[in-house]
Amino acid sequence: MTPARRTELFLDALLALLGPGHVQLRDADIAGFTRDWRGRYQGRALALAEPADTAQAAEVVQLCAAHEVALVPQGGNTGLVGGATPDASGRQLLLSLRRLNRIREVSVADGVLVAEAGCVLQTVQQAADQHGMLFPLSLAAEGSATIGGVLSTNAGGTAVLRYGNARSLCLGLEVVTPRGEVWHGLSSLRKDNTGYDLRDLLIGAEGTLGLITAASLHIFPRPAARRTALAQLGHVRDAVELFQHARGALGAGLTGFELMSAHSLQLVRRHFPGLARGFQPDAAWCVLLELSDSEGDEHAQQRLETLLGGALESGLASDVVVAQSLAQARELWALREHIPLAQAQEGLNIKHDISVPISRMAGFVESTAELVMQALPGARLVVFGHLGDGNLHYNVQAPLGADGPEFLARHQELCNRIVHDAAAACGGSFSAEHGVGQLKTPELLRYKSPVALDMMRAIKAALDPQGLFNPGKVLPHLPPGP
Ligand code: ZN
């Protein structure tokens, strides 16, 4: 049988299974799905399949296995490392989970919410809220990122400091295996030591080991009050010192501690001039603190004012603002959340998502800035991120007026080497919360130990022996087996 005939048979079977309304074949209809959010990768797909539920998703996977068609799972398509974009061959099936978008269950007594993979993160937050509970995972793309995507990438965001990343918020999974079987692992147990942790293996696997179709998620009692504040500081080491004070004074109430360079905020002001009018930072760095308080607004306000008043008095901070209303808190957060959008408007840039021990953070920022500026004079550093997690987005924008794509093509490798080597030298990671996707596979090979890589390859080969699940992502293509 010719390859074209085999493809035809596969597509016929897929159409018969899902119906013509849920299999898109024309490039024009698929265009929005074959390009990644950052515009770095443009793939082609054999088709876009949109199963309605787990049973249909399993049948699609069985078809793929029978016809040896590779598949690329996709949620909200907001990933930053090209993990959900098919390759350029036009032979991979894009499998969208968007129709699996039901909240199956909310149990306040168990502190569990069960959501399907295609549920948008914000929808899950709202569902928890309607029950007086909190689902704390929060990130800039929460209006379109999906639960399947945030679990597949083990996303972090702005509340990791208090509640942990996506992995810590997941109690169990429902997964379609590469053989097309369904693993019903939607546990609501906090404790369950019964062998290898399959849940944790699937989380962060970026769709290379199986297809997450639903998850049981931790939800928490909603705090009585939340307060946001912003402090301006001269140096990253001052921000680290303020963080230590804040952790001591606020304990587990400290839910967020975000760092933003003045330059990041200037970009926001340039591209979103309507945001936080009147706020003019004059120091080199700003931090955004969020406090969740179990007593109430006044108590929260007082605790933040005491902490930041002390920072002003000691000269650690040059200016502080405690938001007086929810609206003002939202404005402050909007500044932080618009940094990635402002960067995208400014043009292509070299993104890094590094983590280092907090004690090494200030040294890392200072020495790496020097190395980057020596190698790439005129480059603009856009540094911001989750200082409280030791995670920074250490991004490098082309010099003013320079061509973004050309800058990227010429300098990305050198720039990655400088920043990632510096992180590694501090005992850090080249990917704290974005994953590996296709963008960072070379880094994985460089920075992971051969022993770790061998174990990863063994797991991949055991669970996906045909190599059909998101091939080329995380681990480079496997050599053909014996
Ligand atoms: Zn982040």
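Taken together, the values in this text are just the output of simple stated rules run on the coordinates, not laboratory data. Values in this document were obtained by computation on a predicted structure and should not be read as measured data. Here Cβ is always computed from backbone atoms with ideal geometry, including for glycine, and neighbour counts include all displayed protein chains.
Some notes on this structure:
- Sum of side-chain charges, residue 303 neighbourhood, beta-carbon under 14 Å (Lys, Arg +1; Asp, Glu -1): -3
- Were the residues from residue 449 through residue 167 laid out at 0.36 nm apart, the gain over their Cα-Cα distance would be 99.2 nm.
- Put in order of Cβ neighbour count within 10 Å, fewest first, the listed residues 417, 226, 26 become 26, 417, 226.
- With 27 Å as the limit on Cα-Cα distance, the pairs of 351/448; 448/473; 191/473 that go past it are 191/473.
- Going by neighbour counts of Cβ atoms within 10 Å, the residues 30, 354, 339 line up, fewest first, as 30, 354, 339.
- Listing 5, 99, 104 from fewest to most neighbouring C-beta atoms within 10 Å gives 5, 104, 99.
- Computed over the stretch 162-280, Kirkwood Rh from alpha-carbon pairs, angstrom: 18.5 Å
- Exposed loop sites were defined as GluC sites (Glu not before Pro) in DSSP loop states (anything but H, G, I, E or B) carrying at most 15 other C-beta atoms within 10 Å; in the chain the longest segment without such a site runs 296-482.
- Nonlocal amide H pairs with residue 172, under 5 Å, H built at 1.01 Å: 187, 216
- Over all projection directions, the Cα-based convex hull of the stretch 35-180 averages an area of 8.8 nm².
- Given charges at Cβ of Lys, Arg, Asp, Glu: the stretch 223-375 dipole, positive-most of 306, 245, 289: 289
- Candidate aspartates and glutamates for bridging to residue 440, where Cα separation is under 19 Å - those fewer than 8 sequence places away on the same chain excluded: 36, 87, 206, 353, 413, 421, 454
- For the stretch 25-86, the convex hull drawn through the C-alpha positions has a volume of 87 cubic angstrom per residue.
- Charge-dipole axis of the stretch 130-271 as Lys and Arg at +1 and Asp and Glu at -1 on Cβ define it, positive-most pick from 165, 134, 213: 134
- Counting charges near residue 231 (Lys, Arg +1; Asp, Glu -1) among other residues having Cβ under 15 Å from its Cβ returns a value of -3.
- Kirkwood-based Rg to Rh ratio, the chain, C-alpha trace: 0.98
- Distance from the alpha carbon centroid of the stretch 137-180 to that of the stretch 311-388 works out to 24 angstrom.
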